[in-house]
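Okay, so here's the structure we're looking at.
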């Protein structure tokens with residue numbers, strides 16, 4: 001069966017009793033994983049149960065299609081219904097035929113939960129699930145608009161927090177590329193503000209604690225392209241194109257190369273280190289935020305300290321100190337003798353401190 005967007009929430013809460021397979025696919029791999037986990041928990045609450053949960057990959061099904069039927073027909077040693085988690089499914093005919101063969105003569109009562117990436121809606125695997133009355137296909141789009149606001153508000157309500165309208169608007173702008181990333185950033189915001197805080201979350205809180213995932217994805221693409229990392233470009237391009245206009249991507253790339261050219265000019269003049277360290281008004285230093293990003297590196301440890309009664313202010317101060325210890329100024333310099341000639345070698349080298357790249361959102365040069 002094919003589900004419309006308005007039907008998905010109800011389906012995930014209570015899927016049909018005769019459902020035997022469900023395919024989750026789309027550009028938002030975080031949402032794909034979250035929904036797959038939720039469906040699997042309805043059948044087997046313990047995701048690590050070795051007797052009732054089995055794992056397969058698309059490559060394994062491609063190599064041995066009969067293995068899917070064998071896993072789905074198996075009986076749990078401890079009793080109870082089983083779940084087959086099929087990850088990294090692909091659009092090939094062979095994988096679709098393996099699923100169709102089992103659906104035609106399904107033995108046992110296992111539920112097959114299939115996770116795929118952004119495959120086409122016309123892919124054989126999608127069609128097999130849409131045609132079968134005992135299977136379903138759900139496309140997972142990136143959160144946006146009112147849907148993203150609902151995810152944010154649900155997380156904040158659970159933490160007994162309120163948020164100002166301006167802060168909600170900024171948070172909505174920064175999130176939405178990937179559902180799991182959105183959850184992670186919201187968890188950081190909750191830890192930063194303090195669960196159950198009396199004051200509402202402000203715009204300053206959001207800017208201090210939450211990364212701009214859309215901008216970060218664009219930065220990763222630009223850095224991969226400038227560094228000659230073809231695999232990195234391939235992995236980032238589809239995700240960025242889902243949220244950005246191609247013209248903006250080209251402008252970001254052009255701006256990055258322009259900043260490299262300027263940095264190369266400073267280096268050749270022998271001014272890079274001196275001007276960056278002394279704060280030349282013509283050059284902007286990028287420093288990691290020294291705001292208290294509580295739990296940014298280890299949210300579990302931060303949460304445990306809060307649960308043990310350590311005051312939130314202490315945990316916040318520790319995060320600030322840890323950030324300051326590693327927040328030495330970092331500079332970007334092109335390794336491109338060819339930059340001045342209009343070309344660009346991919347490699348970059350650090351000029352002072354630890355090597356790091358300027359993101360496009362923090363330009364090296366002030367226009």
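Values quoted throughout were computed directly from the atomic coordinates according to the rules given, and no laboratory measurement underlies them. Note that the structure is a prediction, hence the values are computed from the model and not measured. Heads up, the Cβs are rebuilt from the backbone with ideal geometry, glycines too, and the neighbour counts pull from every protein chain shown.
Which whole-number percent is the relative contact order of the range 172-261 (Cα, under 8 Å, 6+ apart)?
Working: 61 pairs, mean separation 24.9, N = 90.
In percent, rounded to a whole number, it is 28.
Determine the gain in length on full extension of the stretch residue 160-residue 63; use 0.36 nm per residue of separation and subtract their C-alpha separation, reporting nm with one decimal.
Working: separation 97, 0.36 × 97 = 34.92 nm, distance 4.93 nm.
Computed gain between residue 160 and residue 63 is 30.0 nm.
Expressed as a fraction of 2.2 N^0.38 Å, the C-alpha radius of gyration for the range 1-149 is 0.98.
Gain on full extension, evaluated as 0.36 nm per residue between residue 245 and residue 204 minus their Cα-Cα distance, stands at 12.0 nm.
Taking every alpha-carbon pair under 8 Å whose residues sit at least 6 apart, the range 5-139 reaches a relative contact order of 36 percent.
Taken along the Cα-to-beta-carbon direction at a fixed 7 Å, the label points for residue 254 and residue 2 span 4.0 nm. The length gained by stretching the chain between residue 122 and residue 237 to full extension, at 0.36 nm per residue less their Cα-Cα distance, is 39.2 nm.
Treating the Cα atoms of the range 172-215 as identical point scatterers in vacuum, please give the log10 of the normalised Debye intensity I(q)/I(0) at q = 0.24, 0.30 Å⁻¹, two decimals. Scattering profile of the range 172-215, log10 relative to I(0): -0.82, -1.13.
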